[in-house]
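Student: To start, I am sharing the structure in question, which I have written as structure tokens.
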Amino acid sequence: MEAAKANPGAQIVIMHRASNDIKDPVPHLILNVTDMNATVAAIKAAGGSMQGDPRPFGNTGMVIGFATDPAGNRMELIQQPKH
């Protein structure tokens with residue numbers, strides 16, 4: 001928690017959904033993460049789940065993953081290319 005508060009460069013995008021239907025295919029929260037593996041481990045440890053393994057996004061160098069928290073909220077995780 002303290003690391004998140006101390007990060008002035010954190011980015012969060014909230015996407016609009018037409019309804020509160022949990023089956024809506026568009027994730028409503030997008031998080032940029034610096035370490036996908038650590039993020040996935042933390043989500044699972046907190047009772048969340050992943051919708052498949054994170055995967056490369058084309059040839060961009062980005063890695064994306066989709067998670068669901070224990071309340072059923074969906075999140076898209078994006079790890080930017082490492083330089």
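Student: Within 14 Å, Cβ to Cβ, of Asp69, how many net charges do the neighbouring residues add up to if Lys/Arg are +1 and Asp/Glu are -1?
Tutor: Overall, the nearby charge balance is +1.
Student: Testing the spin-label approximation: label points 7 Å from Cα along Cα→Cβ at Asn59 and Asn32. State their distance in nm.
Tutor: So the label points at Asn59 and Asn32 sit 2.4 nm apart.
None of the figures in this text is laboratory data; all of them are computed from the coordinates on show. In this text, all values refer to a predicted model and were calculated from it rather than measured experimentally. Glycine also receives a Cβ, built like all others from the backbone with ideal geometry; neighbour counts cover every protein chain displayed.
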